[in-house]
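Asks: Below: one structure in structure tokens.
The values are calculated or read from the model by the stated rules, or taken from the named source; none is laboratory data. Note that the structure is a prediction, hence the values are computed from the model and not measured. Here the Cβ positions follow ideal geometry from the backbone for every residue, glycine too, while neighbour counts run over all protein chains shown. In case anyone asks, the SASA skips ligands and DNA or RNA and just uses the protein heavy atoms, side chains included. Shrake-Rupley method; radii C 1.70, N 1.55, O 1.52, S 1.80 Å.
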Amino acid sequence: MTKTEHPPGAGPEPAGSLPDVSDAGTASVPSAADNGTALSPPAPPGTGQPAGTSEASGIAGHSETSGTTDTSGVSGISSIAAGEEASEDLILSLDRIVKTYPGVRALDGVSLGVRRGEIHGLVGENGAGKSTLIKTVSGAISPDTGTITVDGRDFRSLTPKTSEELGISVIYQEFNLAPNLSAAENIFLGRPVRRWITVDRKAMAARAAELFAWLGVDIDPDAEVSGLTVGYQQIVEIAKAVSRKARLLIMDEPSAPLTSAETSRMLKMARTLRDRGCTIIYISHRLDEIFSLCDRVTVLRDGGKIATLPVAETDVPGLVSLMVGREMKETFPPRERKVGEEVILEARDLHGNGVKGVSFKAHKGEILGFGGLVGSGRTETAQLLFGARRPDSGEILLNGRKAEFAGAGDAVEAGVALVPEDRKREGLLLETAVEENISLAVLPRISRGPVVSRSKERALAKRFVESLKIKLPSASVAAGSLSGGNQQKVVLSKWLASEPGVIILDEPTRGVDVGAKYEIYKLIGSFVDEGRAVILISSEMEELIGLSDRILVMSEGRQTGILERSEFSQERVMELASNVSGRASEAAGKIAAGGGMSWAPQDSGSTPDSSGAWAAAWASTSSSWPWWSSSPSRARISSPRPTSSTWRGRSPCSASPRSAWRWCSSWAA
């Protein structure tokens with residue numbers, strides 16, 4: 001086989017690392033005492049055969065072809081027979097993996113083979129078992145039964161240490177970075193380059209620079225990670241994995257927080273890693289990425305494997321049908337658009353929090369979309385509307401009356417809700433029960449004095465769990481234990497319970513599967529059908545155009561236009577988001593004044609027209625704020641997070657119950 005190309009900055013082999021997989025036949029198996037549980041005797045390298053002593057073969061109800069489903073009736077699908085991969089060169093093989101939690105069978109006899117040197121897609125609805133499967137391979141959890149085979153060596157379970165020694169690395173959707181350390185320090189975190197007994201920061205920076213050059217990016221190794229864009233933070237994570245000589249790289253929703261340009265760069269980097277010998281498991285809800293990047297794809301549903309097939313032998317509708325278990329003929333549910341004349345929310349010349357003169361009217365029964373690039377000011381505008389930030393000037397009118405919110409609690413009482421962009425940090429109490437999260441915004445309604453009625457709280461949670469089809473064993477489990485899509489449904493439940501007149505949705509379907517997206521779209525439609533208004537902030541162009549009745553486009557904190565539905569097109573939205581006309585005027589002024597301009601785009605993926613307004617606009621952009629450089633950071637609530645007991649007004653503090661509720665409501669954003 002071909003050895004993985006050794007990156008120059010990776011340095012010498014880390015202590016305890018496994019020999020190269022080309023020597024797999026002679027390498028010793030890591031000790032079961034401290035490196036996971038190995039099975040004996042091991043199967044021959046690359047055969048994918050289960051060990052003779054594996055308990056997995058005795059799983060009740062599972063045949064030799066367990067985990068596969070006949071897909072002959074689905075258009076565009078050709079089923080792969082179980083065991084067909086047995087003779088292939090597999091870097092990873094999972095044989096009938098079972099993992100059970102209280103009330104939930106997270107993995108139900110999953111068998112999977114990943115070929116050496118391929119990019120293998122892994123798709124499924126939220127709660128299908130993808131995260132559990134990743135954690136099993138990375139050693140974060142141990143399966144109940146089954147066999148994990150890596151480079152021909154069989155294990156009942158792995159530990160994080162064993163997984164790393166075997167060359168397995170995971171890049172999670174939530175980055176594992178220390179924000180106050182430099183890029184180089186993060187890459188070598190836990191295994192610093194030393195000179196005698198001291199840390200050699202200069203050598204670490206030099207090796208990090210070599211890694212970045214090997215990956216084809218220009219990042220300052222001494223730059224503090226908190227000052228890097230999300231896209232560059234992800235590259236630091238990739239560099240960290242490469243420095244550990246990862247042979248198998250698992251990427252979990254890598255494009256979810258990225259802009260389109262950053263996503264293109266990330267996909268290009270993934271192909272480069274594959275070409276240099278790294279095997280990749282790529283998990284994404286964005287099926288266009290699966291088809292453009294992956295060689296094969298495995299579909300999971302309800303903890304079981306449905307099929308593994310080459311991407312060339314299926315299509316998007318066929319893959320979606322396998323994921324959701326039904327045929328989906330439409331992306332967006334049908335909705336009769338009845339936008340009323342009555343104005344529910346109005347903004348007049350809002351300034352502050354990075355926003356510069358935003359004005360609009362949101363009508364009864366309307367979905368008003370907010371479009372723009374990352375850093376354009378959409379989230380900052382939402383914070384002003386919700387009272388999380390005070391405007392410097394301008395007015396907010398609610399149902400024709402001027403609204404002055406001293407904080408988010410006032411906005412909640414007035415009937416305004418905000419589903420934030422970052423559900424984990426700003427939308428949920430992850431260690432608190434789902435039912436308690438759902439009731440956060442309506443505590444006064446379900447309480448007698450300072451005491452929360454547990455029966456009313458449970459009834460409220462049950463209503464939304466059933467109506468939103470939230471997958472969970474019990475409403476008493478911690479919100480952080482749910483999948484991303486189900487967490488988003490909990491956040492939506494919390495605000496729908498408050499029965500707001502206006503709901504602001506900031507990236508409501510980020511990291512959510514196609515089936516859950518459809519359910520969320522139906523919720524949004526039913527919300528406006530009841531005569532309420534929705535402000536929809538989305539970076540997914542298809543979603544923005546498909547749902548909105550009108551689109552307000554922003555660029556660099558300014559409103560650049562409002563489009564009627566008859567004017568919708570991706571080109572027009574992007575033109576306004578790039579502020580072409582404004583930049584062209586600015587560029588023309590610079591030219592008239594004798595000012596020079598330069599244009600040096602790098603790996604843009606789409607080059608603007610070299611003539612007229614586009615060239616002038618992009619030239620002006622590169623001279624002032626290059627799009628490939630760090631974008632302006634978004635304003636964040638910097639106050640310390642309250643504890644769960646303080647949130648619910650149950651701590652022994654002197655604040656009155658109503659004050660506690662108001663504080664709780666203000667933080668529920």
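Asks: Could you please give the count of residues in the stretch 356-379 that are crowded, with 24+ Cβ neighbours inside 10 Å and more than 17 Å from Ile503 (Cβ to Cβ)?
Replies: Final tally of qualifying residues: 5.
Asks: Hey, another quick one. Just to verify a result, which residue in the stretch 88-101, among those that are within 26 Å of the chain's Cα centre (by Cα) and open to solvent by 10 Å² or more (accessible area, probe 1.4 Å), is nearest to Lys135 (Cα to Cα)?
Replies: Top of the filtered list is Lys99.
Asks: Follow-up question, since we're still on this one. Do you know which residues across the stretch 189-208 are assigned to a helix (DSSP H, G or I) and either more than 17 Å from Ala241 (Cβ to Cβ) or open to solvent by 80 Å² or more (accessible area, probe 1.4 Å) (or both)? Walk me through it before giving the result.
Replies: First pass over the stretch 189-208, keeping only residues assigned to a helix (DSSP H, G or I): 201-208.
The answer is Arg201, Lys202, Ala203, Ala205, Ala206.
Asks: For Gly531, work out the one condition from (1) open to solvent by less than 10 Å² (accessible area, probe 1.4 Å); (2) under 16 Å from Val339 (Cα atoms) it doesn't fulfil.
Replies: Unmet for Gly531, out of (1) open to solvent by less than 10 Å² (accessible area, probe 1.4 Å); (2) under 16 Å from Val339 (Cα atoms): (1).
Asks: Also: Where in the stretch 358-453 are there helices (runs of 4 or more DSSP H), lying fully within it, with 2 or more residues that are in contact (Cβ under 8 Å) with a residue 12 or more places away in the chain, under 22 Å from the mean Cα position of the chain (by Cα) and closer than 30 Å to Leu472 by Cα?
Replies: Working: elements: 378-386, 408-414, 434-438.
The qualifying helices (runs of 4 or more DSSP H) are 434-438.
Asks: Would you point out which residue out of Val123, Val104 is of a type in the set (A, V, I, L, M, F, W, C) and open to solvent by 10 Å² or more (accessible area, probe 1.4 Å)? Full working, then the answer.
Replies: Working: Val123 fails: open to solvent by 10 Å² or more (accessible area, probe 1.4 Å).
Exactly one of Val123, Val104 is of a type in the set (A, V, I, L, M, F, W, C) and open to solvent by 10 Å² or more (accessible area, probe 1.4 Å), namely Val104.
Asks: Do we have Asp220 as modelled with pLDDT of 90 or more, more than 25 Å from the chain's Cα centre (by Cα) and either within 17 Å of Leu92 (Cα to Cα) or surrounded by 20 or more Cβ atoms within 10 Å (Cβ to Cβ) (or both) here? Break it down into steps so the answer makes sense when it comes.
Replies: On the way: modelled with pLDDT of 90 or more: yes; more than 25 Å from the chain's Cα centre (by Cα): yes; either within 17 Å of Leu92 (Cα to Cα) or surrounded by 20 or more Cβ atoms within 10 Å (Cβ to Cβ) (or both): no.
In short, no.
Asks: Could you list, in sequence order, all residues of the stretch 456-474 that are in contact with a strand residue (DSSP E or B) (Cβ under 7 Å, 6 or more places away or on another chain) and modelled with pLDDT of 90 or more?
Replies: Residues of the stretch 456-474 that are in contact with a strand residue (DSSP E or B) (Cβ under 7 Å, 6 or more places away or on another chain), as a first pass: 473.
Of everything in the stretch 456-474, nothing turns out to be in contact with a strand residue (DSSP E or B) (Cβ under 7 Å, 6 or more places away or on another chain) and modelled with pLDDT of 90 or more.
Asks: So, in the stretch 490-521, how many residues would count as being at negative phi and open to solvent by 20 Å² or more (accessible area, probe 1.4 Å)? Before the answer, list the steps.
Replies: Initially, the stretch 490-521 is screened for residues at negative phi, giving 490-498, 500-506, 508-510, 512-521.
Narrowing further to those that are open to solvent by 20 Å² or more (accessible area, probe 1.4 Å): 496, 501, 510, 514, 517-519.
Residues in the stretch 490-521 being at negative phi and open to solvent by 20 Å² or more (accessible area, probe 1.4 Å): 7 in total.
Asks: Tally up the residues in the stretch 104-133 that are over 26 Å from the mean Cα position of the chain (by Cα) and either more than 21 Å from Arg247 (Cβ to Cβ) or modelled with pLDDT under 85 (or both), please.
Replies: 1
Asks: Tell me the strands (runs of 3 or more DSSP E) entirely within the stretch 138-188 that contain at least 1 residues that are among the charged types (D, E, K, R) and open to solvent by less than 10 Å² (accessible area, probe 1.4 Å). It would help to see each step written out before you state the result.
Replies: Details: elements: 145-150, 153-157, 168-171.
Of the strands (runs of 3 or more DSSP E) lying wholly inside the stretch 138-188, those with at least 1 residues that are among the charged types (D, E, K, R) and open to solvent by less than 10 Å² (accessible area, probe 1.4 Å) span 153-157.
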